[in-house]
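Below: the structure, in structure tokens.
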Amino acid sequence: MKQAVFYATLNYPSEKEFFQILDCLEENHIEYVELGIPVNDPYMDGDIVRKSHRHVINQGFNQNKLVDILKRIHNAYSFKTIIMTYKEGLDLYNILDTPEPLFTGILCVDELISKEKCGKSIQIYNGSQSINEIKKRIRENEVFLYLMSETGKTGSGGKLPTEYRDMIPILRSHSTLPIFVGFGIRDENDVSEILSNGADGVIIGSSFMKTYEKEGLKGIQIYIEKIKKVL
């Protein structure tokens, strides 16, 4: 079955509401949840994600809080947890010292995490990378390949990019891991198009968070149901 990965910034907009969002994802049997670790400069992310990072940091987020929440998630939910961060987050929270059983995979936007450093590393790919760079990343990749729909920022809006289409067969020729496409995915029509072009799944962040901010839990329930229908 094809997969949809939903992104949520850790502890946003509050710890209580964050876990209500996770409850909704669990009840809908979502396989993977991507957890954004708040940093001061999430420069690859769009406005809503950047705002969420600032909000959580201003609440006093720290390494102990990170570990406590990951433990709570690990004990309470069946979905697979993917940590998404930046080099700043790796350093700020000593993430690579976090016990690996607390997460299924980790991806870092601006730092290549080798298998030697973490055996659950997920790498990011885009159309600007050379074949040699792609091969290098694949050697250090586990869980799935994260393919950007285009080179840019998340939540940019507008028409679904097409850059990813040419990348899928290239990645397939070098890896048997699933390929999940992220960046700029808004609705079930975008999901259907991406899957029809050969991807194994999608990663949805900004649109999911915007839906929650506008329509709350009821809104994301309807949103998830629409996405699931095209998987």
Residues (of a type outside the set (Val, Ile, Thr) and either surrounded by 21 or more Cβ atoms within 10 Å (Cβ to Cβ) or in contact with a Cys (Cβ under 7 Å, 6 or more places away or on another chain) (or both)) located in the range 195-206: 199, 201, 205, 206
Residue list for the range 114-135, restricted to those being closer than 22 Å to residue 44 by Cα, over 16 Å from the mean Cα position of the chain (by Cα) and not acidic (Asp, Glu): 114, 127, 128, 129, 130, 134
Positions within the range 13-54 being modelled with pLDDT of 95 or more, aromatic (Phe, Trp, Tyr) and closer than 25 Å to residue 147 by Cα, in sequence order: 32
When residues of the range 161-194 are limited to those that are aromatic (Phe, Trp, Tyr) and more than 18 Å from residue 142 (Cα to Cα), the one surrounded by the fewest Cβ atoms within 10 Å (Cβ to Cβ): 164
Within the range 60-77, considering residues that are more than 13 Å from residue 22 (Cα to Cα) and surrounded by 14 or more Cβ atoms within 10 Å (Cβ to Cβ), the one nearest to the chain's Cα centre (by Cα): 66
Every pair of residues 6+ apart whose Cβ atoms lie under 7 Å, when the first sits in the range 202-228 and is without any contact (Cβ under 8 Å) to a residue 60 or more places away in the chain while the second is among the aromatic types (Phe, Trp, Tyr): 211/223; 219/212; 223/208
Residue under evaluation residue 60, criteria (1) over 29 Å from residue 125 (Cα atoms); (2) in a helix (DSSP H, G or I), criterion not met: (2)
Residue list for the range 77-113, filter: among the polar types (S, T, N, Q) and under 25 Å from residue 3 (Cβ atoms): 78, 81, 85, 98, 104
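Look through 138, 82, 134, 106 and report the one residue that is part of a helix (DSSP H, G or I) and buried (at least 19 other Cβ atoms within 10 Å of the Cβ). Explain how you work it out, then say what you get.
On the way: 138 fails: buried (at least 19 other Cβ atoms within 10 Å of the Cβ); 82 fails: part of a helix (DSSP H, G or I); 106 fails: part of a helix (DSSP H, G or I).
The conditions single out 134.
The values are calculated or read from the model by the stated rules, or taken from the named source; none is laboratory data. If you're wondering where the values come from, they're calculated on a predicted model, not measured in any experiment. All Cβ positions, even for glycine, are placed from backbone atoms using ideal geometry, and neighbour counts span all protein chains on display.
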